[in-house]
Amino acid sequence: MRRLGAILLFLFSCSATMLALHEGDNKAPEAMYGKALNSYQLACNGDAEAQCQLASCYHSGYGVEENDSLAFVWAMKSAEQDYPAGLYFLAYCYETGKGCSVNMGKANSLYKKAYEMAMLQAYFGEPSAQFVIGKIFDYGNGGVAQNQEVAVRWYRRAAKQGCPGAQFNLGSCYQLGEGVDMDKKEAAYWFREASLQGDADAQYMLGLCYAAGEGVAKNVHKAKKWLKEASRQGHKLAQNILMRIRETW
């Protein structure tokens with residue numbers, strides 16, 4: 001399905017990254033770019049937030065070839081430092097079998113620890129921790145009763161402090177009317193806020209908003225602009241749309 005060149009880049013990326021993990025080499029694989037590249041050196045130097053971001057890049061294929069095994073490795077490194085988002089990501093891996101065997105016991109234990117660690121930080125205003133609490137209430141992870149209204153409150157706290165993941169999730173809540181009244185204009189606003197910080201999912205959604213005229217005035221030029229921004233980061237859905245309309249990124 002992928003071209004030979006992409007496969008070779010994938011193999012190079014995997015081998016170079018695994019070598020770096022074992023030998024402490026901070027040189028990023030040449031196939032890495034964008035957010036993944038920015039996170040790589042910090043991650044190799046032990047930064048828990050960067051390790052979690054890099055895990056997310058490998059999981060989604062943003063800035064690097066998708067690789068669930070490496071996503072799991074970096075999530076584990078972040079979780080070992082009790083970083084709430086890293087704990088949550090590792091729990092997600094165990095729940096879904098991304099890069100590991102499904103283990104709901106480990107997943108629930110990690111979700112609970114993520115909740116505990118995040119709560120310690122969230123009330124002191126840490127946006128990444130507030131985002132984690134929002135996700136836990138949004139999806140009802142680790143035995144926490146699902147409550148999307150509470151999730152929205154935590155997303156909003158983090159979003160107002162500039163957390164792009166929370167901004168995207170808050171926009172999605174407004175888009176779907178989950179935990180809050182449906183409001184397409186508000187959805188587009190938060191997608192734009194996250195897009196300006198380079199969130200590929202938000203860029204994709206903002207492109208769709210402009211294409212359909214949902215929450216914003218319909219604007220084909222701006223739709224293509226944001227879809228191209230998402231595509232440059234490896235967003236597959238954005239790339240597929242641009243290929244269908246014979247656009248390049």
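If the requirement is being more than 26 Å from D181 (Cα to Cα) and either within 14 Å of the chain's Cα centre (by Cα) or aromatic (F, W, Y) (or both), which of these qualifies: E95, E66, E80? Answer to the check: E66.
Residue count for segment 191-249 satisfying the condition of being assigned to a loop (DSSP other than H, G, I, E, B) and within 20 Å of the chain's Cα centre (by Cα): 7. Scanning segment 50-96 for residues that are among the aromatic types (F, W, Y), closer than 24 Å to Q203 by Cβ, without any contact (Cβ under 8 Å) to a residue 60 or more places away in the chain and surrounded by 24 or more Cβ atoms within 10 Å (Cβ to Cβ) yields Y58, W74, Y88, F89. Among residues of segment 106-120 that are farther than 14 Å from A151 by Cβ, those with a Cβ under 6 angstrom from a residue that is surrounded by fewer than 18 Cβ atoms within 10 Å (Cβ to Cβ), sequence gap 6+ or separate chain, pair up as M117/D82.
I need a count of the residues in segment 101-138 that are in a helix (DSSP H, G or I), modelled with pLDDT of 95 or more and loosely packed, with under 15 Cβ neighbours inside 10 Å. Here the count works out to 3. Residue-level check: of (1) more than 15 Å from the chain's Cα centre (by Cα); (2) within 19 Å of F131 (Cα to Cα), G171 misses just (1). Looking across segment 221-249, the residues that are more than 25 Å from N38 (Cβ to Cβ) and among the β-branched types (V, I, T) come down to I241, I245. Whether a residue is at pLDDT 95 or above, under 21 Å from G215 (Cβ atoms) and in contact with a Lys or Arg (Cβ under 9 Å, 6 or more places away or on another chain) was assessed, and A194 does not pass this test. Taking segment 56-93 as the range and being closer than 20 Å to P164 by Cα and assigned to a loop (DSSP other than H, G, I, E, B) as the test, the residues that pass are G61, Y62, G63, V64, Y83. Screening the candidates V150, V180 for the property of being more than 20 Å from the chain's Cα centre (by Cα) and part of a loop (DSSP other than H, G, I, E, B) yields one hit, V180.
Condition first: without any contact (Cβ under 8 Å) to a residue 60 or more places away in the chain and over 30 Å from K218 (Cβ atoms). Can you find one or more residues in segment 171-191 that meet it? Scanning segment 171-191, I find no residue that is without any contact (Cβ under 8 Å) to a residue 60 or more places away in the chain and over 30 Å from K218 (Cβ atoms), so the answer is no.
The values are calculated or read from the model by the stated rules, or taken from the named source; none is laboratory data. It should be emphasised that the depicted structure is a prediction, and the values quoted were computed from it without experimental measurement. Counting neighbours? That spans all protein chains shown, and the Cβs are built from the backbone with ideal geometry, glycine included.
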